[in-house]
Every structure is written in structure tokens, then in C-alpha cells.
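Colleague: Before we start, here is the structure in question, set down as C-alpha cells.
The values are calculated or read from the model by the stated rules, or taken from the named source; none is laboratory data. These numbers were taken from a predicted model, which means no experiment stands behind them. Here Cβ is always computed from backbone atoms with ideal geometry, including for glycine, and neighbour counts include all displayed protein chains. Accessible surface areas use protein heavy atoms only, side chains included; no ligands, DNA or RNA. Shrake-Rupley method; radii C 1.70, N 1.55, O 1.52, S 1.80 Å.
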Amino acid sequence: MSVLVTGAAGFVGSHVSLALKKRGDGVVGIDNFNSYYDPSLKKARKSMLAEHGVFVVAGDINDGKLLAKLFDVVAFTHVMHLAAQAGVRYAMENPHSYVHSNIAGLVTLLEICKSANPQPAVVWASSSSVYGLNEKSPFSESDRTDQPASLYAATKKAGEEITHTYNHIYGLSITGLRFFTVYGPWGRPDMAYFSFTRNILQGKPITVYRGKNRVDLARDFTYIDDVVKGCLGSLDTSAPYRIFNLGNTSPVTVPALVSILERHLKVKAKKNVVEMPGNGDVPFTHANISMARREFGYKPTTDLQTGLKKFVKWYLSYYGYNHGKAVN
Ligand SMILES: NC(=O)c1ccc[n+]([C@@H]2O[C@H](COP(=O)([O-])OP(=O)(O)OC[C@H]3O[C@@H](n4cnc5c(N)ncnc54)[C@H](O)[C@@H]3O)[C@@H](O)[C@H]2O)c1
Ligand SMILES: O=C(O)[C@H]1O[C@H](OP(=O)(O)OP(=O)(O)OC[C@H]2O[C@@H](n3ccc(=O)[nH]c3=O)[C@H](O)[C@@H]2O)[C@H](O)[C@@H](O)[C@@H]1O
């Protein structure tokens, strides 16, 4: 297959691009290298991909002319759409960046896809955050997703509705993947496991959020290699319109995440435990993955202990023990 990967210089996009290339698919990436987090990490991922023969075009998915040019040059059979404004809490600081990338950018991309010949099958990243205030556990794809707790979640939910219309009207094949707190090497510095690692190594305090009534928050942390397998599996089995959970099925509390990091880093964390501010967080996530398992054999195999060991190994080789000052 020939795949356009949007957000290819991002965390998940770089891993998926590499995996596609390694198994022999044609891959072209696009990324706007924005400064939501340290762009030098995005550039380093781009260089790593270039070494494997994957080129990442610098550009915005809102640039319809650029996208049309790419489709003129390459007859993409698939689009793996991972470009987005990610992060739950940042939506309170910069709401418009979510509308720009997750709604306007998505529509621009779908407009190009619907008119392309051949029409590519689209697989894109939604998010576990669409389950919002729903407290049913585990979350199944058919559960309520109409109570988002953040603007980020609302834009992902909007994406699910928008993609549905492009399938309904233009017959685009579209698969939405609800990722659950993905972590691993080459990860995102804004995410807790990454910023905790940086602060613990620098001897700085970390802030651990806790739910109401002193209940620990928990996430169904999912290792990047498992998510990549899910992305490739869904690209290989496209169908008219589908949505799948790609989680790990075993939630772990945030204090337990910190303990694992302390063990791997051999440093004790200085913890400030505070009640979760009302900034878009949800108390827990937990995926039912039976649909993805049935449709394309999705089966996560990496637990948090093992996955964080691999992350810490990468972190130390990339930044060294004294790192921290350069990355936000
Ligand atoms: N990592 C997670 O835990 C997680 C969980 C659920 C969903 N997701 C979703 O998965 C996808 C990938 O996430 P990630 O963790 O790799 O994030 P990321 O921020 O590392 O990657 C996204 C990339 O898209 C690029 N980008 C953003 N807006 C763009 C635009 N308008 N035009 C072109 N490029 C643009 C960014 O520069 C970045 O490199 C996103 O859609 C995200 O919302 C991620
Ligand atoms: O699964 C998802 O849909 C979402 O997963 C992550 O969002 P989140 O789970 O909030 O990931 P982190 O920011 O790494 O937070 C993980 C946990 O640590 C907690 N946390 C975060 C930051 C902090 O300083 N302290 C702290 O205790 C959060 O409340 C949360 O419970 C990604 O950042 C989102 O882009 C993605 O859409």
C-alpha cells in the first residue's frame, strides 16, 4: 500500500511510519512541526525516519493546495491521519489550536480524500477522552460519548461525526481509533510519564492529581508498539465506517505509575499530591478491546512495567542522566 501519514513527526506518527516502511509499504509524511512541545524532538524523529527512507513534508493539513499536490504526485491508497492538537489540559490555554487542527484540518484533509482517484481508505486517531463523564467500565465502542469533559474530547467526538458524514455522502472508507494514553520511546514531553521522568531526574517535584474523596486517578496506559500493531491491522482491513478502542485493558493508577518510574530511574520522586483541578481530566479510563481483537486480531502484549523500562532506556540514551534543561 501507499500511505500518507499526517503528524508523521509526532510520537505515534513516527512509529507508525517506520513500521509501515519496514514492512515494505510506501510512506510519505506530513507535519507542521508546531511548537506545542519541543520541535527539536519532532525534527529528531524526522531525521530518524529519513535514515529509513521516509520523507516528512513540512506543511499544515489545512493547506488544501499542498495536500492536493501530494495526491497528484502519489496515488495514495491509504491515509493514516495522526496530525492533531493533542493534550487534554492545554485546551483551556489555547482552544483555537484544537479547532484549527482537529476540526478545520480534518475537513480539509477529508475534502481532498473524497475527490482523490483512487479514493484512499482513511484511518485516523480519535481518543479515549470521548467517553468523557461516562463512568461505565470498561468502555465499549457503543457506550455514550456525548458528555465530553474537555474541548479536546469534544473535537475528537466532532471528528467521529464529521468522518461519518464523509462516509455517508462520499463513500469514504473511514476507521476511527480511540487510543488510550499511549506511551513509549520517542514519546510526548507534555504527557505525565515523560514530564515525571524529567522532573524526577532533575530532583524537581512532580504534581500527582487525585480524584474526589482521595481516589487515585487511573489510566489504561497503552504501549506504543501495541498501538502501532492496531494501526497497521486497521489499515489492512478497511471497511466502510468503523470505530475501535485501542487500549490495554488493565488500568494502572497514577501513583503506581510513579512507583514504577522510581524503580526504573532508581530515584525517589518528590510528590505534591493535589486534588484534580477541573481542567478536562477524567478519573479513569479502561478499554474493552474485543471489537478490535475480533476484526484484526488486536492483542496488546506489553504491561506498564515493561513498557516504562523501554521508555526509560530510550530517555536516558536520548537525553542522558543530566537532561532536562532543554525540553519543555
Ligand atoms: N498519545 C496519546 O496518548 C494519544 C491518545 C489518544 C489519542 N491520541 C491522538 O493520536 C494522534 C497522535 O498523537 P501523538 O501522541 O503522536 O501526538 P503528537 O503531538 O506527538 O503528534 C501529532 C503531530 O501532528 C502535528 N500536527 C498538529 N497539527 C497539525 C496540522 N494542523 N498540520 C500538520 N501537522 C500537525 C504535530 O506537529 C505533531 O508532530 C493525535 O490525533 C492524538 O490526538 C494520542
Ligand atoms: O487517552 C487519551 O485519549 C488521551 O491520553 C492522554 O491524556 P491523559 O490520559 O490525560 O495523559 P497524561 O497527560 O499523561 O496524564 C495521565 C494521568 O496523569 C495525571 N497527571 C497528569 C499531569 C500531571 O502533572 N499530574 C498528573 O497526575 C492525569 O490527571 C492523568 O490521570 C493524551 O495526552 C491525550 O492526547 C489523549 O487523547
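Colleague: Between V122 and residues 5 or more places away or on another chain, which pairs have amide H atoms under 5 Å apart, with H built 1.01 Å from N, and which residues are they?
Modeller: V79, S173, I174, T175
Colleague: Whenever you get a sec, compute what percent of the accessible area on the chain sits on carbon and sulfur atoms (1.4 Å probe). Mind showing how you got there, number by number?
Modeller: Values: 7440 of 13760 Å².
Roughly 54 percent of what the probe reaches on the chain is carbon or sulfur.
Colleague: What do you reckon, how do R45, R198 stack up by accessible area (1.4 Å probe), largest on top? The partial results should precede the final answer.
Modeller: On the way: R45 0, R198 30 Å².
Per-residue accessible area, sorted high to low, gives R198, R45.
Colleague: At 0.36 nm per residue, minus the direct Cα-Cα distance, what do R294 and T306 gain on full extension? Give it in nm, one decimal, please. Intermediate values should be presented prior to the final figure.
Modeller: On the way: separation 12, 0.36 × 12 = 4.32 nm, distance 2.55 nm.
Taking R294 through T306 to full extension adds about 1.8 nm, to one decimal.
Colleague: Sticking with this one: Using only helices, what value at 222 nm comes out for the chain when you add -39,500 (n - 2.57) per DSSP H run of length 4 or more and divide by the total residues, to the nearest 500 deg cm²/dmol? Walk me through the numbers on the way to the answer.
Modeller: Values: 11 runs with 129 residues, N = 328.
It lands at -12000 deg cm²/dmol.
Colleague: A further question follows. Using 1/(1 + (r/R0)^6) with R0 = 41 angstrom and r between the beta carbons of R23 and Q202, what's the FRET efficiency to the nearest 0.05? Numbers along the way, then the final one.
Modeller: Numbers: r = 39 Å, r/R0 = 0.94.
Rounded to the nearest 0.05, the efficiency is 0.60.
Colleague: Over the chain, what is the relative contact order in whole percent, taking alpha-carbon pairs under 8 Å and six or more residues apart? List each step's numbers first, then the result.
Modeller: Working: 659 pairs, mean separation 59.9, N = 328.
Across the chain, relative contact order equals 18 percent.
Colleague: So what's the gap between the Cα centers of the range 108-162 and the range 190-258, to the nearest angstrom?
Modeller: Taking the Cα centre of each part, the range 108-162 and the range 190-258 sit 18 Å apart.
Colleague: Would you list, by chain and number, the aspartates and glutamates whose Cα falls below 16 Å from the Cα of K157, excluding same-chain residues fewer than 8 positions away?
Modeller: Filter leaves E141, D143, D146, D281.
Colleague: Can you give me the angle between helix 254-265 and the longest principal axis of the chain, using Cα atoms only, in degrees from 0 to 90, rounded to the nearest 10?
Modeller: Here the helix axis deviates by roughly 80 degrees.
Colleague: State which entries of K266/K299; K46/K270; K69/K156; K46/K310; K212/K270; K42/K310 exceed 29 angstrom in Cα-Cα distance in the structure shown. Spell out each step's value before the answer.
Modeller: Details: K266/K299 31 Å; K46/K270 34 Å; K69/K156 27 Å; K46/K310 21 Å; K212/K270 22 Å; K42/K310 20 Å.
With Cα atoms farther than 29 Å apart: K266/K299; K46/K270.
Colleague: Pick out, from G64, G320, S290, the residue whose Cα sits farthest towards the positive end of the charge dipole of the chain, with +1 on the Cβ of Lys and Arg and -1 on the Cβ of Asp and Glu.
Modeller: So the residue we want is G320.
Colleague: Rounded to the nearest whole Å², what accessible area per residue is found for the range 183-328 with the 1.4 Å probe? Before the final figure, lay out the partial values.
Modeller: On the way: 6680 Å² over 146 residues.
Here the per-residue accessible area is 46 Å².
Colleague: Given a 1.4 Å probe, how much area per residue of the range 1-115 is accessible, in Å²? Let's see the in-between values first.
Modeller: Working: 4570 Å² over 115 residues.
I get 40 Å² per residue for the range 1-115.
Colleague: Shifting gears a bit: Select from V27, V182, V312 the residue whose mean-square fluctuation is largest in a Gaussian network model of the chain (Cα-Cα springs shorter than 10 Å).
Modeller: Its mean-square fluctuation being the largest, the pick is V312.
Colleague: When the chain is modelled as a GNM with alpha-carbon springs shorter than 10 Å, which of T237, T155, T77 fluctuates the most?
Modeller: Among T237, T155, T77, the largest GNM mean-square fluctuation belongs to T237.
Colleague: Grab the Cα-Cα distance for N213 and D72, subtract it from 0.36 nm times how many residues apart they are, and report the gain in nm with one decimal. It would help to have the intermediate numbers written out before the result.
Modeller: Working: separation 141, 0.36 × 141 = 50.76 nm, distance 5.70 nm.
So the extension gain works out to 45.1 nm.
Colleague: Relative contact order, percent, of the range 199-284 when contacts are C-alpha pairs under 8 Å separated by at least 6 residues? Before the final figure, lay out the partial values.
Modeller: Numbers: 93 pairs, mean separation 46.2, N = 86.
Once divided by the residue count of the range 199-284, the mean separation gives 54 percent.
Colleague: Would you mind computing, in nm to one decimal, how far apart the modelled labels at S47 and E135 are, each placed 7 Å from Cα along Cα→Cβ?
Modeller: If labels sit at S47 and E135, their model points lie 5.0 nm apart.
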